[in-house]
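The values are calculated or read from the model by the stated rules, or taken from the named source; none is laboratory data. A quick note: this is a predicted structure, and the numbers were derived from the prediction, not measured. Cβ placement follows ideal geometry from the backbone for every residue including glycine, while neighbour counts extend to all protein chains displayed. For the accessible areas, the whole protein counts, side chains as well, though only heavy atoms, and no ligand, DNA or RNA atoms are used. Shrake-Rupley method; radii C 1.70, N 1.55, O 1.52, S 1.80 Å.
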Amino acid sequence: DAGVIQSPRHEVTEMGQEVTLRCKPISGHDYLFWYRQTMMRGLELLIYFNNNVPIDDSGMPEDRFSAKMPNASFSTLKIQPSEPRDSAVYFCASSNRAATSDTQYFGPGTRLTVL
Amino acid sequence: DQQVKQNSPSLSVQEGRISILNCDYTNSMFDYFLWYKKYPAEGPTFLISISSIKDKNEDGRFTVFLNKSAKHLSLHIVPSQPGDSAVYFCAASALGNQFYFGTGTSLTVIP
């Protein structure tokens, strides 16, 4: 299995632009998680899906952030408009059991820089 | 508010010695804990877990200790190897809910 796939690996954009991050979970996994990693706050859960349905989006920082999972093999995290404080590494992870009874498999991350 | 804290941003140890990474938490409802290891430019990978019904779990060179009364867990690596150099995250969850991660500790094992 190729593991969790994320694209792009690096994104540099200007403030105010729309940014879309993409994730392909491991086949057969029915949970998908979006995290943001910063030096100050470590890994923060933004949102997670179960069977393509958003379960908890309380970590989404504000309305500028949105996430979708149109099917079992694809999810997007969109930031519109982007701001410099959104600069971070964004990870997607997937698992095949309940969020706490199994480990999560992380993708390589997307390093986002907003100028 | 950080519910899981790793107060040491970095740690350096000599090869062959013991590495001890610490993690504190504030939520007494946490009942499941994980350690993840992260190399540069890669996503975190699962290392070891422990349930609150245990106070110790061992897997090869890695042992996790849980002290529920102190709300503290630690990861011991013995003996430490240069390949162990990475960032280590602890994570905790309560009653089947989301994981909360710490800010990570960067371990450097000096050959």
One residue from A:SER94, A:SER75 being within 14 Å of chain B (Cβ to nearest Cβ) and not in a loop (DSSP other than H, G, I, E, B): A:SER94
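Assess whether B:THR108 counts as being under 15 Å from B:SER19 (Cα atoms), under 10 Å from the mean Cα position of the chain (by Cα), open to solvent by 10 Å² or more (accessible area, probe 1.4 Å) and more than 14 Å from every other protein chain (Cβ to nearest Cβ).
Working: under 15 Å from B:SER19 (Cα atoms): yes; under 10 Å from the mean Cα position of the chain (by Cα): no; open to solvent by 10 Å² or more (accessible area, probe 1.4 Å): yes; more than 14 Å from every other protein chain (Cβ to nearest Cβ): yes.
No.
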Residues of region A:47-75 that turn out to be within 26 Å of B:GLY104 (Cα to Cα) and in contact (Cβ under 8 Å) with a residue 40 or more places away in the chain, as a count: 1
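Taking region B:59-105 as the search range and keeping residues that are assigned to a loop (DSSP other than H, G, I, E, B) and among the aliphatic types (A, V, I, L, M), which one is farthest from B:ASN22 (Cα to Cα)? Walk me through how you get there before you give the answer.
Here is the first cut: in region B:59-105, the residues assigned to a loop (DSSP other than H, G, I, E, B) are B:60-61, B:68-71, B:78-81, B:85, B:94-98, B:102-104.
In the following step, the residues that additionally are among the aliphatic types (A, V, I, L, M) were identified as B:70, B:78, B:94-95.
On the way: B:ALA70: 12, B:VAL78: 15, B:ALA94: 19, B:LEU95: 23 Å.
Among those residues, the one meeting the criterion is B:LEU95.
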Selection from region B:1-58 of residues that are among the aromatic types (Phe, Trp, Tyr), part of a strand (DSSP E or B) and open to solvent by 50 Å² or more (accessible area, probe 1.4 Å): B:PHE46
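Can you tell me which residue within region B:64-97, out of those that are polar (S, T, N, Q) and either open to solvent by less than 50 Å² (accessible area, probe 1.4 Å) or more than 11 Å from chain A (Cβ to nearest Cβ) (or both), is nearest to the chain's Cα centre (by Cα)?
As a first pass, look at region B:64-97 and keep what is polar (S, T, N, Q): B:67, B:69, B:74, B:80-81, B:85, B:93, B:97.
Checking the rest, the ones that are also either open to solvent by less than 50 Å² (accessible area, probe 1.4 Å) or more than 11 Å from chain A (Cβ to nearest Cβ) (or both) come to B:67, B:69, B:74, B:80-81, B:85, B:93.
On the way: B:ASN67: 13, B:SER69: 18, B:SER74: 6, B:SER80: 14, B:GLN81: 16, B:SER85: 13, B:SER93: 14 Å.
Going through the qualifying residues, I end up with B:SER74.
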Near pairs, Cβ below 7 angstrom, 6+ apart or cross-chain, from region B:40-57 (at positive phi) to any residue that is open to solvent by less than 70 Å² (accessible area, probe 1.4 Å) and part of a loop (DSSP other than H, G, I, E, B): B:ALA41/A:PRO108
Among the residues listed as A:ARG111, A:ARG85, A:ARG97, the single one being open to solvent by 60 Å² or more (accessible area, probe 1.4 Å) and modelled with pLDDT under 90: A:ARG97
Some residue of region A:9-31 being of a type outside the set (Ser, Thr, Tyr), surrounded by 15 or more Cβ atoms within 10 Å (Cβ to Cβ) and free of Cβ contacts under 8 Å to residues at least 40 places away in the same chain: no
